[in-house]
Amino acid sequence: MEESIIQIKEKAKEEIAKVEDLKQLDEIRVKYLGKKGELTAVLKGIGSLAPEERPIIGELVNKVRDELDELIKQNVNILSKKILIEKMKKEKIDVTIPSKKQEIGTLHPINKIIKEVEEIFLGMGYCIADGPEVEKAIYNFDKLNTPIGHPARDLQDTFYINEDIVLRSQTSPVQVRVMEEQKPPIKIICPGKVYRSDSVDATHSPVFHQIEGLVIDKDVSMADLKGTLEMFAKKCLGEKTRIRFRPHHFPFTEPSAEADVSCFVCGGKGCKVCKGEGWIELLGCGMVHPNVLRGCKINPDEYSGFAFGFGVERIAMAKYGIDDMRLLYENDVRFLKQF
Ligand code: DAH
């Protein structure tokens, strides 16, 4: 009996020595020390022994039990440490490996132009105003001296949400909103999106960007408008830029004009960018119509002002030599990265 107990012990020790993971170790514990384990079986059989043998065998079994138990515990510790060390080795971070390159984006050319224009006008003492893109027809048209029946209100040109609400077709309604809220002197620009029922081609898009400008004060004249726009053109397009005015019509200004700038690529000689003209059409402008002032409760005998509005895409395209507007909206990073 004693011999077989010793054999069990040696066998268990041998197995423990070979163990490679905690699961195997636990299996061994169950196999020898568990409820149905080999040593436990010996203890259970103790009743069939002679009474004088029982305490001797009992003591031996308990000793072996304790010994094996201790051995298993020691091995649990050793194994756990080994596993931890291996895990740490595997998960080791080499801080000297170069990191993945982070791609840094750039401002979209449209936003770049808007920022540049904002800087120029902020420098001239203007504030930046904002207005809704979903706008009341009254603000987009009526209050801008464009009554029902005017061709600009045509269903084919403007997106109507319903009879009274439109997607603004110009940033000019912001003029009215500002004049209704603020007392003169007023000096604002307003960049934003506008919507027209145009199909997409190289020079048209149903959504594009405009920047509106408005100045209202005492004794504001056409000369102020011209000086302001000339200053702006030089800062935005280069010091050599010249500006010229052509008579035009807008319902909300009187007189109205369109302003052209000398081609900043050829200087006015005529090239591909200006299509041989020497001039590039820049914007619409004029002196704010007395009807518009009156509608905003500003007395036209006391105050006068000028306004202007231009397309941002047009400037971006001219400035960067982009010949197809669609490139601006396709979000191809190879294109956008160039600016
Ligand atoms: N809103 C005009 C357009 O979209 C541009 C414009 C012309 C704005 C004359 C003005 C202005 O403020 O005075 O074509």
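Overview of values
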quantity: When residues of region 146-184 are limited to those that are surrounded by 13 or more Cβ atoms within 10 Å (Cβ to Cβ) and of a type in the set (Gly, Ala, Ser), the one modelled with the lowest pLDDT; calculated: Ala152
quantity: Condition met for Thr203 (in the same structural domain as Ser172 (by TED's automatic domain parsing), of a type outside the set (A, V, I, L, M), in contact (Cβ under 8 Å) with a residue 12 or more places away in the chain and surrounded by 20 or more Cβ atoms within 10 Å (Cβ to Cβ)); calculated: no
quantity: Extreme residue, surrounded by the fewest Cβ atoms within 10 Å (Cβ to Cβ), among residues of region 206-234 that are more than 32 Å from the chain's Cα centre (by Cα) and among the polar types (S, T, N, Q); calculated: Ser221
quantity: Residue check, Leu237 in contact (Cβ under 8 Å) with a residue 60 or more places away in the chain, within 21 Å of Val117 (Cα to Cα) and within 12 Å of the ligand (Cβ to nearest atom); calculated: no
quantity: Single residue of Glu212, Glu135 found to be touching a residue at least 60 places away in the same chain (Cβ under 8 Å) and in the same structural domain as Asp323 (by TED's automatic domain parsing); calculated: Glu212
quantity: Flag if Val194 is open to solvent by less than 30 Å² (accessible area, probe 1.4 Å), assigned by TED's automatic domain parsing to the domain that holds Ala307, assigned to a loop (DSSP other than H, G, I, E, B) and within 14 Å of the ligand (Cβ to nearest atom); calculated: no
quantity: Single match in Arg314, Arg246, Arg242, Arg294 (criterion: within 12 Å of the ligand (Cβ to nearest atom) and basic (Lys, Arg)); calculated: Arg314
quantity: Residue, surrounded by the fewest Cβ atoms within 10 Å (Cβ to Cβ), within region 250-267, restricted to residues that are in contact with an Asp or Glu (Cβ under 9 Å, 6 or more places away or on another chain) and within 11 Å of Lys240 (Cα to Cα); calculated: Cys263
quantity: Residue list for region 78-133, restricted to those being of a type in the set (Gly, Ala, Ser) and either closer than 30 Å to Gly227 by Cα or surrounded by 10 or more Cβ atoms within 10 Å (Cβ to Cβ) (or both); calculated: Ser80, Gly123, Gly125, Ala129, Gly131
quantity: Region 134-145: number of residues that are of a type in the set (Lys, Arg) and either open to solvent by less than 30 Å² (accessible area, probe 1.4 Å) or not in a helix (DSSP H, G or I) (or both); calculated: 1
quantity: Residue in region 288-295 that is open to solvent by 60 Å² or more (accessible area, probe 1.4 Å), over 22 Å from His248 (Cα atoms) and either assigned by TED's automatic domain parsing to the domain that holds Arg242 or more than 36 Å from the chain's Cα centre (by Cα) (or both) present; calculated: yes
quantity: Pair list, Cβ under 7 Å, 6 or more apart: region 169-182 residue closer than 18 Å to Pro206 by Cα and part of a helix (DSSP H, G or I), other residue at pLDDT below 95 and within 13 Å of the ligand (Cβ to nearest atom); calculated: none
quantity: Sole residue being within 30 Å of Lys337 (Cβ to Cβ), touching a His at 6+ places or on another chain (Cβ under 7 Å) and among the β-branched types (Val, Ile, Thr), chosen from Val273, Val312, Val261; calculated: Val312
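The values are calculated or read from the model by the stated rules, or taken from the named source; none is laboratory data. All figures in this text were calculated on a predicted structure; none of them were measured in a lab. Positions of Cβ are generated from backbone atoms using ideal geometry, with glycine treated the same way; all protein chains shown enter the neighbour counts. These area figures cover heavy atoms from the full protein model, side chains too; ligands, DNA and RNA do not enter into them. Shrake-Rupley method; radii C 1.70, N 1.55, O 1.52, S 1.80 Å.
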